Amino acid sequence: MTDLTVLLPYIVFCIVMTGTPGPNNAMALAAGVKVGFWRSMPLVVGIAVGVAVQLVMIGLGLGAAFEAFPLLHDLLRVAGAAYLLWLAWKIARSGPLRSDGDERPPLGFLGSAVFQWINPKAWAITTSAVAAYVPAADFRLNIVIAALVMVLVSVPCVSVWAAGGMVLRHFLFQPLYARVFNVTVALLLVATTVSILLDG
């Protein structure tokens, strides 16, 4: 991964995959709305660390286990999809922001890190990264480098979504705007989940 002909395309891959709409960014957007930018950062960093750990685990053999037992991978995908649809339902049904300040992000650091194991897009990102970008020579070192790059790229990319939520925050104390926003985010979550499952 120290070769720029590999590293630069991999960085672009990380930007595209972690910066575009998906379950993680929908959660970051919702967290930015509910609690603002800085209180969303544990969720954002948890997402980045969770994806990086997953990438390392796949590189160190979990991918081979899934090839040997494809049903396990399918079960995780179905569980992930079910959770995301439940989360979309909760977001769609949530009301306007409350003025008492008693709002919480959807998940914290640990929750968002663990969530990556049932997140279909995270699986797509990490398996593609290992298969397409990690050179076979010095494989373990390259896996660690790939994971570090993933963290360094995904934190700012996902943070943009939390910042976007913070910008929208002051509109969402009004019930009509809140309903439109909540339903839109829920539909985005459903759409990305379905498209990832169909692609997989």
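At 1.4 Å probe size, what's the solvent-accessible area of ILE11? Round to the nearest 10 Å².
Number for this one is 50 Å².
Heavy atoms of the protein only, probe of 1.4 Å, neighbouring chains included. What is the accessible area of TYR133 in Å², nearest 10?
60
Taking all protein chains as present, what is the carbon and sulfur share of the accessible area of the stretch 1-50, in % to the nearest whole number, probe 1.4 Å?
Solvent-exposed carbon and sulfur of the stretch 1-50 make up 80 percent of the total.
Determine how large the accessible area of TRP86 is when every protein chain is in place; take a 1.4 Å probe and give Å² rounded to the nearest 10.
130
The values are calculated or read from the model by the stated rules, or taken from the named source; none is laboratory data. Here the structure is a predicted model, which means the values were calculated and not measured. Note: areas computed on protein heavy atoms with side chains; ligands, DNA, RNA excluded. Shrake-Rupley method; radii C 1.70, N 1.55, O 1.52, S 1.80 Å.
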